[in-house]
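A.B. asks: What follows is a structure written as structure tokens; I'll ask about it next.
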Amino acid sequence: MIINIDSSVERREQIKKQLDEQGTTYMIVDAINGLNLECEQYRLKVSKMLDIPEEKLRPSYFLCKKNFQSMCKKWKSLAPRVGCFLSHYKCLKLAYDHDMIQACILEDDIEILKNLNEIKTPFLNTDYDIQYLGGSARPLPYWTAKGYYDCKEIELYGTFGYMIGNQFSIMKIYKGLRSCFDEGTRKMTYHPSHRLSASNIDNFYKRYFHKYSVALYPPYVKHKDEIESTIDKSKKYKNRYGLKCMSVVDITDI
């Protein structure tokens with residue numbers, strides 16, 4: 001599944017071209033535009049699509065720290081993060097509703113480094129909840145793993161390319177996302193009866209699902225830095241948070 005907002009034609013075409021050259025099948029998932037949630041008509045459309053009550057799609061819901069954990073206090077800054085969260089929610093809902101046994105989710109601003117059709121076991125059909133195809137992590141002295149890193153070891157961020165390799169994990173992550181809009185008490189540990197704290201999607205995954213997640217290395221995809229982020233337009237955000245791209249090592253040398 002490729003997450004793409006309908007106005008980003010150039011991004012859509014560049015990721016389609018890469019996947020077509022690999023002979024990879026895919027589907028385009030129309031992204032949720034967070035800024036448009038100010039409009040009641042758009043909220044009602046998204047409410048029906050995602051089966052989320054309309055009142056829990058209003059800006060006021062996400063600006064409340066009890067519902068959405070973020071450093072942003074202004075809606076214009078928070079809205080893109082909300083749109084990203086809901087877009088990934090939409091992908092997980094599609095996978096869950098259609099009984100998919102695996103799901104590969106890609107954002108449209110990536111560069112594919114290796115053929116995605118070459119991903120084999122042990123990464124698929126395992127007990128891992130998430131298998132990241134790339135990402136940014138707290139800097140390591142050097143990258144040494146051949147195969148994968150445990151996400152608990154590298155503190156990985158970034159949801160521009162990842163796989164959920166089994167049906168149980170699809171269900172677990174979808175219901176975890178879904179719980180953010182249900183009644184109940186927020187918990188920092190995941191259980192089906194808990195209401196989780198919504199956040200930026202990569203922080204949400206890190207907080208609740210990285211106990212059983214890995215990052216494939218060398219990476220299969222990387223974020224194209226020349227494409228401006230729709231979430232954080234600052235080109236220095238990685239340095240600000242001390243992050244380092246997993247693709248710093250030439251994969252041909254591994």
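The values are calculated or read from the model by the stated rules, or taken from the named source; none is laboratory data. On a predicted model such as this, the values are computed, not experimentally measured, just so you know. In this analysis, Cβ positions are derived from the backbone assuming ideal geometry, glycine residues included, and neighbour counts consider all displayed protein chains. The area values use the complete protein model at the heavy-atom level, side chains included, leaving out ligands, DNA and RNA. Shrake-Rupley method; radii C 1.70, N 1.55, O 1.52, S 1.80 Å.
A.B. asks: On average, how much accessible surface per residue is there in segment 16-105, in Å², for a 1.4 Å probe, leaving out ligands, DNA and RNA? Don't skip to the answer; put the middle values down first.
C.D. replies: Numbers: 4750 Å² over 90 residues.
In whole numbers, segment 16-105 has 53 Å² accessible per residue.
A.B. asks: Given 0.36 nm per residue, what is the gain on full extension from residue 26 to residue 75 after removing their alpha carbon distance, in nm?
C.D. replies: Once the chain is fully extended between residue 26 and residue 75, it gains 14.4 nm.
A.B. asks: Among 50, 19, 105, pick out the residue whose Cα is farthest towards the positive end of the charge dipole of the chain, where Lys and Arg carry +1 and Asp and Glu carry -1 on C-beta, about the Cα centre.
C.D. replies: Of the options given, the answer is 50.
A.B. asks: Let me ask another. How large a share of the accessible area of segment 1-126, in percent, is made up of carbon and sulfur atoms when the probe is 1.4 Å and the other protein chains stay in place?
C.D. replies: Carbon and sulfur together cover 51 percent of it.
A.B. asks: Name the shape class, rounded, prolate or oblate, that the alpha-carbon gyration tensor gives for segment 1-75, where a ≥ b ≥ c are the square roots of its eigenvalues, rounded holds for a/c under 1.5, and otherwise prolate holds if a/b is larger than b/c and oblate otherwise.
C.D. replies: Prolate.
A.B. asks: Go ahead and estimate [θ] at 222 nm for the chain from helices alone: -39,500 (n - 2.57) per DSSP H run with n ≥ 4, summed, over the residue count, rounded to 500.
C.D. replies: -9500 deg cm²/dmol
A.B. asks: Net charge around residue 9, counting only other residues with Cβ within less than 12 Å of its Cβ (Lys, Arg = +1; Asp, Glu = -1)? Mind showing how you got there, number by number?
C.D. replies: Details: positive: 11, 12, 16; negative: 6, 10, 13, 108.
Summing Lys/Arg as +1 and Asp/Glu as -1 gives -1.
A.B. asks: Here is a follow-up. From the Cα gyration tensor of segment 142-219, with a ≥ b ≥ c the square roots of its eigenvalues, which class applies: rounded if a/c is under 1.5, or else prolate if a/b is larger than b/c, or else oblate? Please list the in-between numbers first.
C.D. replies: Numbers: a/c = 2.53, a/b = 2.03, b/c = 1.25.
Prolate, since a/c reaches 1.5 and a/b exceeds b/c.
A.B. asks: Just order 100-107, 74-81, 156-163 by mean Cβ neighbour count inside 10 Å, highest at the front, would you?
C.D. replies: Details: 100-107: 20.1, 74-81: 16.6, 156-163: 24.2.
The densest-packed peptide leads the list: 156-163, 100-107, 74-81.
A.B. asks: Just check the chain against the gyration tensor rule for me: Cα atoms, a ≥ b ≥ c as the square roots of the eigenvalues, rounded for a/c under 1.5, and otherwise prolate or oblate depending on whether a/b exceeds b/c.
C.D. replies: It comes out rounded by the Cα gyration axes.
A.B. asks: Does anything in segment 57-90 have its amide N under 14 Å from the 7 Å Cα→Cβ label point of residue 40, and if so which residues?
C.D. replies: 58-59
A.B. asks: Please tell me the relative contact order of the chain in percent, rounded to the nearest whole number, where contacts are Cα pairs under 8 Å and at least six residues apart.
C.D. replies: 23 percent
A.B. asks: Whose amide H sits under 5 Å from the amide H of residue 197, counting only residues 5 or more places off or on another chain, with H placed in the peptide plane?
C.D. replies: It is 187, by chain and number.
A.B. asks: Now, a different point. Applying a 10 Å radius around every beta-carbon, put 53-63, 187-197, 201-211 in order of their mean neighbour count, most first.
C.D. replies: Packing proxy ranking, top to bottom: 201-211, 53-63, 187-197.
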